[in-house]
Structures are given as structure tokens and as C-alpha cells.
Amino acid sequence: MARVLLLALAVAAAPMPALAGETGPTAAPAPVLKDAIAKAAAAVPLAKARAQSGAAPVDKSELGSKSFFKKPAGIIALVVVAAGGAYMAYSMKQDRIHSVVRAGQK
């Protein structure tokens, strides 16, 4: 009898915290994508947008940086990747697992 009473109390008490909360104002619905695009398109004049997109290409020599793979950190990264690939290939050939399934693959 005590178990049934405990179960009934647990089932009755479970929704209590959910019912105790106050209902706040609901959030405004999210804007529709089509409306947001139309608003953004109206904000920037078309002539100005075309003028920005037709700008001259940027000269990368002004940046003063060379390629990542020509820097010491890039060279170290390439060496580590090459060593890992070589070890993977070596360990695949030197696999010591001899199972019935693998025996048919050789």
C-alpha cells in the first residue's frame, strides 16, 4: 500500500513545478527570410554595391607575408603529416593480426 501511495504522490508532484511558473510575454516571431533580404537590399543602393564589387584586385605583395608552407611552422606541419602517413603505411604492412577473415584477404 505504501508503494502505491508513494507512486501516486510522485506522479502527482511531477507536473507541479511546470504549472507553478508564470506565463511571460511570448517572443516576437522571427522575420521571414524574404522580408529580411528585401530590407537589406533596400538599405544599400544598387549602384554603390556594384561599385564595391568591381574594385581592383588586391596586390598580395603588399601584405608582406609568404606562404604558410614556406614558414618553419608550415614545414614542420608537412613533415609531421608525412611521417604519420609513412608510419600508417608501414603499420598496415606489418599488421600482426592473423584471423580467419584476414587469411582470405591476402
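The values are calculated or read from the model by the stated rules, or taken from the named source; none is laboratory data. Bear in mind the structure is a predicted one, so any value in this text is a computation, not a measurement. Heads up, the Cβs are rebuilt from the backbone with ideal geometry, glycines too, and the neighbour counts pull from every protein chain shown.
Observations
- The single condition among (1) at pLDDT 65 or above; (2) surrounded by 10 or more Cβ atoms within 10 Å (Cβ to Cβ) that A51 does not satisfy is (1).
- Residue within the range 28-36 that is modelled with pLDDT of 85 or more and surrounded by 10 or more Cβ atoms within 10 Å (Cβ to Cβ) present: no
- Which listed residue is modelled with pLDDT under 85, in a helix (DSSP H, G or I) and surrounded by 10 or more Cβ atoms within 10 Å (Cβ to Cβ), from A10, A41: A41
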